[in-house]
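Colleague: Below: one structure in structure tokens.
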Amino acid sequence: MTADRKAGEQFGSVFPHLITQDLPNLVAIKDADFSDVDAVFCCLPHGTTQEIIKGLPQQLKIVDLSADFRLRNINEYAEWYGHAHRAPELQEEAVYGLTEVLRDEIRNARLVANPGCYPTSIQLPLVPLIKAKLIKLSNIIIDAKSGVTGAGRGAKEANLYTEIAEGIHAYGIKGHRHVPEVEQGLSEAAESKVTISFTPNLICMKRGMQSTMFVEMAPGVTVSDLYQHLKSTYEGEEFVKLLNGSNVPHTRHVVGSNYCFMNVFEDRIPGRAIIISVIDNLVKGASGQAVQNLNLMMGLPENMGLQYQPLFP
Ligand SMILES: NC(=O)C1=CN([C@@H]2O[C@H](COP(=O)(O)OP(=O)(O)OC[C@H]3O[C@@H](n4cnc5c(N)ncnc54)[C@H](OP(=O)(O)O)[C@@H]3O)[C@@H](O)[C@H]2O)C=CC1
Ligand SMILES: CC(=O)N[C@@H](CCC(=O)OP(=O)(O)O)C(=O)O
């Protein structure tokens, strides 16, 4: 475990819930001993992995949780992240880590770009439907809501309890940096350019994320066709579940787990459907999917370390 400002501190003082574990003190990256390390998770602010990665041993397998290697087009990266990409050659090597969609590529990768939380919750339902040409590529509208942990642990006035308690507000309305990430995945599935309308919302809960997707079905396609296709796509998957009948996905039913629950509903407007997916933004939307990816890269059982059930209530 490395740190920056907290380097040198005891593990249990930084993460008091793990005080019973006999873990070494946090160290600065420059002082870390990589001699006996096979793989690392980089959980650094955007732009930082690009800097430190060149100083890491070449043979290390890396799952990067930041956005540094998610966008294949480095010009698009520069546009959304405000600086030129600092490791374009590694960007070419990186594999996008949406596990259920790109499993074979991830298995053989050295560097995996773990997806963002919103893009995970959106692409898991939409990529199979687009690949099967069951929905139209225009008029995809997504309304998403995230718990506050999505903003990280850094103190920001806008995220103080008194600013957000018992409320919800939209942000990133003019454009959120997850838009190009989602459009990249959907466009690859469609083999043509897909654009989306996307509005994220900050909701006063610690963990959890819901994406509600309003789509137009291809001519002759029914909601039952969408349901059956998602059902068969995710039939054997341990972590992606299509709920039965009219059961509505709740964030409360996935929090603390690596599950994505989803379902498909009729819209009142003929020809349209509403798809809802939920994840824990910190697990399937971040660290759980990262562990799933590293398991694949290391040839371990994909569910290793992830077989725990959601915390309820
Ligand atoms: N929160 C979420 O829902 C999701 C987050 N992510 C991504 O995961 C990453 C981490 O997120 P999160 O844990 O929430 O962020 P935090 O801001 O809470 O943590 C950032 C960590 O990086 C360390 N750090 C900061 N600057 C440096 C540096 N220059 N060199 C070395 N270490 C540094 C910090 O150490 P110290 O505290 O000691 O300074 C801290 O441990 C981000 O890239 C984020 O985009 C991905 C998906 C979901
Ligand atoms: C609530 C909140 O602020 N959420 C973050 C997304 C967090 C996340 O998981 O995405 P990254 O991995 O790309 O950081 C945001 O909107 O920027």
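The values are calculated or read from the model by the stated rules, or taken from the named source; none is laboratory data. Just so you know, these numbers come straight off a predicted model, no measurement behind them. When we count neighbours, we look across all protein chains shown, and the Cβ atoms used for this are built from the backbone with ideal geometry, even at glycine.
Colleague: Mind listing whichever residues of the stretch 229-275 are charged (D, E, K, R) and more than 25 Å from Gly147 (Cβ to Cβ)?
Modeller: Residues of the stretch 229-275 charged (D, E, K, R): 231, 235, 237-238, 241, 252, 266-268, 272.
Within the stretch 229-275, Lys231, Glu235, Glu266, Asp267, Arg268, Arg272 meet the criteria.
Colleague: If you go through the stretch 269-313 one residue at a time, how many are in a loop (DSSP other than H, G, I, E, B), within 16 Å of ligand 2 (Cβ to nearest atom) and buried (at least 20 other Cβ atoms within 10 Å of the Cβ)? Quick ask: steps written out before the conclusion?
Modeller: At the first step, the residues of the stretch 269-313 found to be in a loop (DSSP other than H, G, I, E, B) are 269-271, 280-282, 298-313.
Filter again for within 16 Å of ligand 2 (Cβ to nearest atom), leaving 280-282.
In the following step, the residues that additionally are buried (at least 20 other Cβ atoms within 10 Å of the Cβ) were identified as 280-281.
The total comes to 2.
Colleague: Moving to a separate point now. Please specify each residue of the stretch 18-38 satisfying the condition of being hydrophobic (A, V, I, L, M, F, W, C), part of a loop (DSSP other than H, G, I, E, B) and out of contact with any Asp or Glu (no Cβ under 7 Å at 6 or more places or on another chain).
Modeller: Step one: filter the stretch 18-38 for residues hydrophobic (A, V, I, L, M, F, W, C), giving 18-19, 23, 26-29, 32, 34, 37.
Right, trim to part of a loop (DSSP other than H, G, I, E, B) and you get 19, 23, 26, 32, 34, 37.
Listed by number, the residues that qualify are Ile19, Leu23, Ala32, Phe34, Val37.
Colleague: Residue under question is Val182, and the condition is that it be among the β-branched types (Val, Ile, Thr), at negative phi and within 18 Å of the chain's Cα centre (by Cα); does it hold?
Modeller: Working: among the β-branched types (Val, Ile, Thr): yes; at negative phi: yes; within 18 Å of the chain's Cα centre (by Cα): yes.
In short, yes.
Colleague: Of all residues being at positive phi and more than 16 Å from ligand 2 (Cβ to nearest atom) in the stretch 127-164, which is modelled with the highest pLDDT? Just the residue, please. Spell out how you get there, then give the answer.
Modeller: Just the residues of the stretch 127-164 that are at positive phi, to begin with: 133, 139, 152.
Now drop any that are not more than 16 Å from ligand 2 (Cβ to nearest atom), which leaves 133, 139.
Working: Lys133: 98, Asn139: 94.
Checked the stretch 127-164; the qualifying residue modelled with the highest pLDDT is Lys133.
Colleague: Looking at Phe69, Phe41, can you tell me which residue is of a type in the set (Phe, Trp, Tyr), within 16 Å of ligand 2 (Cβ to nearest atom) and in a loop (DSSP other than H, G, I, E, B)?
Modeller: Details: Phe41 fails: in a loop (DSSP other than H, G, I, E, B).
None of the others qualify; the one that does is Phe69.
Colleague: Determine, yes or no, whether Leu124 is within 16 Å of ligand 2 (Cβ to nearest atom), in contact with a Pro (Cβ under 8 Å, 6 or more places away or on another chain), under 23 Å from Val255 (Cβ atoms) and not small (Gly, Ala, Ser). First the steps, then the outcome.
Modeller: On the way: within 16 Å of ligand 2 (Cβ to nearest atom): yes; in contact with a Pro (Cβ under 8 Å, 6 or more places away or on another chain): no; under 23 Å from Val255 (Cβ atoms): yes; not small (Gly, Ala, Ser): yes.
Judged against the criteria, Leu124 is not a match.
Colleague: All but one of (1) within 16 Å of ligand 1 (Cβ to nearest atom); (2) farther than 22 Å from Asn114 by Cα hold for Gln210, so report the exception by its number.
Modeller: Status for Gln210: all satisfied but (2).
Colleague: Sticking with this structure for a sec: Check the stretch 167-182 and report whether any residue there is under 13 Å from Gly116 (Cβ atoms) and among the small types (Gly, Ala, Ser). Steps first, please.
Modeller: First pass over the stretch 167-182, keeping only residues under 13 Å from Gly116 (Cβ atoms): 172, 176-182.
If we keep only those that are among the small types (Gly, Ala, Ser) as well, we get 172.
Among the residues of the stretch 167-182, at least one is under 13 Å from Gly116 (Cβ atoms) and among the small types (Gly, Ala, Ser), which makes the answer yes.
Colleague: Would you confirm, using the coordinates I've provided, whether Ser13 is free of Cβ contacts under 8 Å to residues at least 12 places away in the same chain, over 19 Å from the mean Cα position of the chain (by Cα) and not in a helix (DSSP H, G or I)? Talk me through it step by step, then tell me what you get.
Modeller: Values: free of Cβ contacts under 8 Å to residues at least 12 places away in the same chain: yes; over 19 Å from the mean Cα position of the chain (by Cα): yes; not in a helix (DSSP H, G or I): no.
Taking the combined requirement at face value, the residue does not satisfy it.
Colleague: Which condition breaks for Leu126 when tested against (1) surrounded by fewer than 19 Cβ atoms within 10 Å (Cβ to Cβ); (2) closer than 18 Å to Thr212 by Cα?
Modeller: Checking Leu126 against (1) surrounded by fewer than 19 Cβ atoms within 10 Å (Cβ to Cβ); (2) closer than 18 Å to Thr212 by Cα, the one that fails is (1).
Colleague: Within the set of pairs 6+ apart or on separate chains, which have a first residue in the stretch 36-54 that is outside the structural domain of Gly152 (by TED's automatic domain parsing) and farther than 12 Å from His85 by Cβ, a second that is of a type outside the set (Ser, Thr, Tyr) and within 6 Å of ligand 1 (Cβ to nearest atom), and C-beta atoms under 6 Å apart?
Modeller: Cys43/Leu65; Ile52/Ile29
Colleague: How many residues, within the stretch 194-209, are more than 22 Å from Tyr259 (Cβ to Cβ) and either among the aliphatic types (A, V, I, L, M) or free of Cβ contacts under 8 Å to residues at least 12 places away in the same chain (or both)? Steps first, answer last, please.
Modeller: Taking the stretch 194-209 and keeping what is more than 22 Å from Tyr259 (Cβ to Cβ), we get 194-199, 202, 204.
Checking the rest, the ones that are also either among the aliphatic types (A, V, I, L, M) or free of Cβ contacts under 8 Å to residues at least 12 places away in the same chain (or both) come to 194, 196, 202.
The qualifying residues number 3.
Colleague: Just give me the residues in the stretch 72-90 being in a helix (DSSP H, G or I) and either over 18 Å from the mean Cα position of the chain (by Cα) or of a type in the set (A, V, I, L, M, F, W, C) (or both), in sequence order. Please lay out each step first, then the result.
Modeller: Step one: of the stretch 72-90, the residues in a helix (DSSP H, G or I) are 74-81, 88-90.
Residues satisfying the conditions are Ile74, Asn75, Glu76, Ala78, Glu79, Trp80, Pro88, Glu89, Leu90.
Colleague: Has the stretch 81-104 got at least one residue that is within 26 Å of Val148 (Cβ to Cβ), surrounded by 18 or more Cβ atoms within 10 Å (Cβ to Cβ) and free of Cβ contacts under 8 Å to residues at least 40 places away in the same chain?
Modeller: no
Colleague: Something else now. What number of residues within the stretch 27-63 are surrounded by 18 or more Cβ atoms within 10 Å (Cβ to Cβ), in contact with a strand residue (DSSP E or B) (Cβ under 8 Å, 6 or more places away or on another chain) and over 23 Å from Gly8 (Cα atoms)?
Modeller: The total comes to 2.
Colleague: Ok, one more. Show the residue pairs that are 6+ apart or on different chains and have beta-carbon atoms under 6 Å apart, the first residue being within the stretch 159-178 and outside the structural domain of Gly82 (by TED's automatic domain parsing), the second being hydroxyl-bearing (Ser, Thr, Tyr) and part of a helix (DSSP H, G or I).
Modeller: Pairs that qualify, where the first residue is outside the structural domain of Gly82 (by TED's automatic domain parsing) and the partner is hydroxyl-bearing (Ser, Thr, Tyr) and part of a helix (DSSP H, G or I), are His178/Tyr118.
Colleague: Name the strands (runs of 3 or more DSSP E) wholly within the stretch 113-224 that hold at least 1 residues that are in contact with a helix residue (DSSP H, G or I) (Cβ under 8 Å, 6 or more places away or on another chain)?
Modeller: Details: elements: 140-146, 168-170, 196-203, 209-216.
By residue number, 140-146, 196-203, 209-216.
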